[in-house]
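The values are calculated or read from the model by the stated rules, or taken from the named source; none is laboratory data. What you see is a predicted model; the values in this text were computed from it and never measured. Here the Cβ is made from the backbone with ideal geometry for all residues, glycine too, and neighbour counts use every protein chain on show.
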Amino acid sequence: MATSSKPRYLTRRTGRDGWYFIRSVPPKLRGSIGCATWRRKAGKTLNEAKKNAVEFLKETDQLIREARGQQVMPEQKLLSLLPMKNQFPKNVDSHDLAQTTSREFIRLDDPENINPHDEELHRLTKRVLKGTTKTPKTADDLLELATLSKSPAPSTKKEWERNLGKLMEHSHKQFITELTRDDALNYRKHLLTTTAASTTKTRLRYLSGLYNVAVDEGWIQSNPMEGLNKKVTSKARVKKVVRLDQADERWQNLPKHHQLLWHVLRWTGSHASEAAGLRWEDMDLNEGTISFKGHETRPLKSAFRQRTIPIHPKLMEIMRSGSECSAGNSGLIFPWAYNPNRARWAEGMHWNDIIGVSPKATRDWAASCLRTKEVNERTIGKLLGHSPKKSKGSGTYSSVGLETMRKALEQLE
């Protein structure tokens, strides 16, 4: 069995026992924080270290936030005063208000010595006093709006938070409404130099979607992230369908608690996240069916993912013979497969290292095998929870009955 990769932020130190937490301080904040790297003992064992690392990350994240707060630009300070406009003294003028936002002495009344930056700051100050500048919006404001309007899955919301946070960190902007096209282009360049092209495209797509929400709400006139993901070219890969013959002989090498999940994936063709989030009450051995339903920690991404399919005879045999499948069980079948920090199911199981195939390979094989058996696409779509492609006239799958699916699924080998 292959060993797992080294956890992020945790390391060993030569000549010392246990695990250590290590994290670099962002270069521009090292002067404020007073060091270049955080390093401390995390625990004697890896499990202990992982638990402590969560607290260390929270602590260092807070230090980063505080340090950034000390480096707010004059424009950001000025915009942050906007919600308190009604509290300004009646006799305050634009010169006084601008001066309070900068450590440098600003000459706004001397046309010969004024510089463009001071002039723009002065114009912004006037707009704040007149109330013609919109209240700036933060990343939290955008995430709250997007969540209300889109009702995303928890895993999608986590990705929104992570990617928007990284964008704001890189651009050194306090408000999402300050982001410019140049900021967006610089961030794309940063991603292309630090991640794979496919990853860059995915992250830019998340960000473009979020900023479209801000455009629709009228917070900004145009989307600075618009189209950036389309300008990233990644190498097209031909999907290679892997047969499961060898994996069928090796599944017993999987960790004991993974083995039932293997059989469910092997004989249903479901997504790994769908199968990993199943509850005992979703398995009806009397009727011979499995119901894929959304729940609090495992919502389904489309209405077509919610479905009831037959239990394959080989899976039924395993379910009936398994000691853990006793009557009266309730709750999650695979609670260990959920990562609450990322709101994701079935991550990092490393099956490819153990049995030569990934969890995803079982789904690819199911679709390929059924097509080889000339099962029609409507039935395959219903079994696997595909969204129908209206352009091909396939409509919906509601007309595909359980008996039709049972006969089709029994051809899976």
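Remarks
- Being over 28 Å from S273 (Cβ atoms) and either small (G, A, S) or in a helix (DSSP H, G or I) (or both) is a property that E169 has.
- Whichever residue in segment 370-385 is hydrophobic (A, V, I, L, M, F, W, C) and without any contact (Cβ under 8 Å) to a residue 40 or more places away in the chain and, among such residues, is nearest to I309 (Cα to Cα): I380
- Scanning segment 158-176 for residues that are more than 24 Å from K301 (Cβ to Cβ) and surrounded by fewer than 19 Cβ atoms within 10 Å (Cβ to Cβ) yields a total of 3.
- Odd one out for S273, checked against (1) outside any helix (DSSP H, G or I); (2) surrounded by fewer than 22 Cβ atoms within 10 Å (Cβ to Cβ); (3) in contact with a strand residue (DSSP E or B) (Cβ under 7 Å, 6 or more places away or on another chain): (1)
- The set of residues from segment 305-342 being at pLDDT below 85 and either closer than 24 Å to A361 by Cβ or among the polar types (S, T, N, Q) (or both) comprises S321, G322, S323, S326, N329, S330, N341, R342.
- When the criteria are applied in full, T233 meets the requirement of being in contact with a helix residue (DSSP H, G or I) (Cβ under 7 Å, 6 or more places away or on another chain) and either charged (D, E, K, R) or surrounded by fewer than 16 Cβ atoms within 10 Å (Cβ to Cβ) (or both).
- Segment 42-59 residues that are in the same structural domain as F21 (by TED's automatic domain parsing), paired with ones that are part of a helix (DSSP H, G or I) and of a type outside the set (D, E, K, R) (beta carbon under 8 Å, 6 or more apart): A42/A49; A42/N52; A42/A53; A42/F56; G43/A49; G43/N52
- Scope segment 43-69; condition acidic (D, E), surrounded by 12 or more Cβ atoms within 10 Å (Cβ to Cβ) and modelled with pLDDT under 80; matching residues: D61, E66
- Scan segment 145-157 for residues that are part of a helix (DSSP H, G or I) and surrounded by fewer than 17 Cβ atoms within 10 Å (Cβ to Cβ) and the total you get is 6.
- One residue stands out among those in segment 168-182 that are of a type in the set (D, E, K, R) and more than 21 Å from the chain's Cα centre (by Cα): the one that is nearest to N223 (Cα to Cα), which is R181.
- Conditions (1) in a loop (DSSP other than H, G, I, E, B); (2) under 30 Å from T372 (Cβ atoms); (3) not polar (S, T, N, Q); number of the one not met by G227: (2)
- Listed by position, the helices (runs of 4 or more DSSP H) inside segment 284-393 whose residues that are crowded, with 16+ Cβ neighbours inside 10 Å and among the aromatic types (F, W, Y) number at least 1 are 351-355, 359-372.
- Hey, Q259 modelled with pLDDT of 85 or more and touching a Ser or Thr at 6+ places or on another chain (Cβ under 9 Å) or not: no
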